[in-house]
Amino acid sequence: MIETKVCIIGAGPGGATAALQLAQLGIECVVVDKAVFPRDKVCGDGLSGKVLTALEQIDPAIARRLQEFAPKQDSWGVTFVSPGRTSMEVAYKPNYNLQTDEPAGFVCKRIHFDNFMVDEVKRRPEIRLFEGVTIDKYVLQDDGYLVTDTTGNFSVKAPLLIIANGAHSSFTKDVANIRMEPAYYAAGVRAYYKNVKGMHADSFIELHFLKPLLPGYLWIFPLPNGDANVGMDMISEAVRSKKINLKKLLTDTLEQDPVFKERFREAEIDSPIEGYGLPLGSKKRKLSGNRYMLVGDAAYLVDPFTGEGIGNALYAGRIAAQQAAAALAAGDFSESRLAAYDERVYQVLGPELQLSHRLQKLVKYPRLFNLLMKMGTRNKQLKELISCMFYEVDLRKKLAKPSFYVRLLLNK
């Protein structure tokens, strides 16, 4: 049996971030993942500015290595397209300069980004990583959790668990008692394409809010070598009630929609169309309990409007590590002590998640959303607000200032 101070289940972005922050604080931990890296993960592959910010706060050297990481595409903005085909381009940095500015966003296949994070974990002697081990048994004892794999031959004992094993976490469901609710969950499909026409010269990502998908959208994210991540998502409740086959809807849209038909005329699909689930942070949930904290998709922290998940996972992972350090120092891993984790996560991410949920509700109404987009093409403040939904790290500060709304009304 392996003993450690903190056991992290899952070596994806959230779990890896928690481990790296613990290592930076001088705290040893064990990380266990069922996969052997590199491994793929079905996703939109978008990395927001939060990713670099979180890594910079842990160790600037990690952020620098990510900026120099070859298998990613620098992205300088986002193009929103309304149901009425009004297009609004929003740069992540006003008046950006390709030669002198650092890009605020990236697109990177998860097989590459997650492996980058695991390689960073492997750099740290404070972290013991075990790959290809599926933990399926969690036993709470007086002095900590004993976790065991499917064979019973691998076990870890730790006073504290950080659960970061994704949207289908059995711990989230069976111990934390957070269940999938179709109204607060999205279904998505994704494929890789080559030779898509009409991509932005500065690699803006694209979100197309097509009427049949509302409140979801179709996305096109540029990748290196002219490739693109193409997919769509919808609220699971709508998918079920309307009996929608998302894979077929994606194919039909690209083949029959007059705009996409032309853009994909010479495109070649380069992967299967694969599906995945997005556990949305549309409502506040209990993210911790006696001797555990939930991180990333296991904590249901995906942005309801933008689908942003990776940046939120990194933020939550870093907060979990900080709270773990405080709990270890106090020798207190109780439910009441770890409630500080929930408080901090929702202090940092809560305002964005709430605003995103409101915007998600808004886009159910195409006429209203069309109006919003038309306003956005003319209104600098509204453009900034929409851009913030992806890339403003501390949105709540801006939204808390009355001057923001004055400028919004004055169109400045």
Legend entry - Members of the stretch 152-180 found to be assigned to a strand (DSSP E or B) and either in contact with a helix residue (DSSP H, G or I) (Cβ under 8 Å, 6 or more places away or on another chain) or within 25 Å of Asp114 (Cβ to Cβ) (or both), listed by number: Val156, Ala158, Leu160, Leu161, Ile162, Ile163
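Assess whether Met373 counts as being in a strand (DSSP E or B), touching a strand residue (DSSP E or B) at 6+ places or on another chain (Cβ under 8 Å) and of a type outside the set (Gly, Ala, Ser). First the steps, then the outcome.
Details: in a strand (DSSP E or B): no; touching a strand residue (DSSP E or B) at 6+ places or on another chain (Cβ under 8 Å): yes; of a type outside the set (Gly, Ala, Ser): yes.
So Met373 fails the test.
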Inset, instruction - From the list Leu254, Leu250, Leu246, Leu294, pick out the single residue that is open to solvent by less than 50 Å² (accessible area, probe 1.4 Å), under 30 Å from Tyr341 (Cα atoms), modelled with pLDDT of 95 or more and not basic (Lys, Arg). - result: Leu294
Legend entry - helices (runs of 4 or more DSSP H) fully within the stretch 47-137 counting 2 or more residues that are of a type in the set (S, T, N, Q) and either open to solvent by 30 Å² or more (accessible area, probe 1.4 Å) or closer than 20 Å to Asp202 by Cα (or both): 49-58
Inset, instruction - Scan the stretch 211-218 and give yes if some residue there is at pLDDT below 95, surrounded by fewer than 22 Cβ atoms within 10 Å (Cβ to Cβ) and at positive phi, otherwise no. - result: no
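Would you mention how many residues in the stretch 180-201 are open to solvent by 30 Å² or more (accessible area, probe 1.4 Å) and more than 20 Å from the chain's Cα centre (by Cα)?
Qualifying residue count for the region: 7.
The values are calculated or read from the model by the stated rules, or taken from the named source; none is laboratory data. Just so it is clear, the model here is predicted, and its values are computed rather than measured. Note that each Cβ is placed from the backbone with ideal geometry, even for glycine, and that neighbours are counted across all protein chains shown. Note: accessible area is taken over every heavy atom of the protein model, side chains too, but ligands, DNA and RNA are not part of it. Shrake-Rupley method; radii C 1.70, N 1.55, O 1.52, S 1.80 Å.
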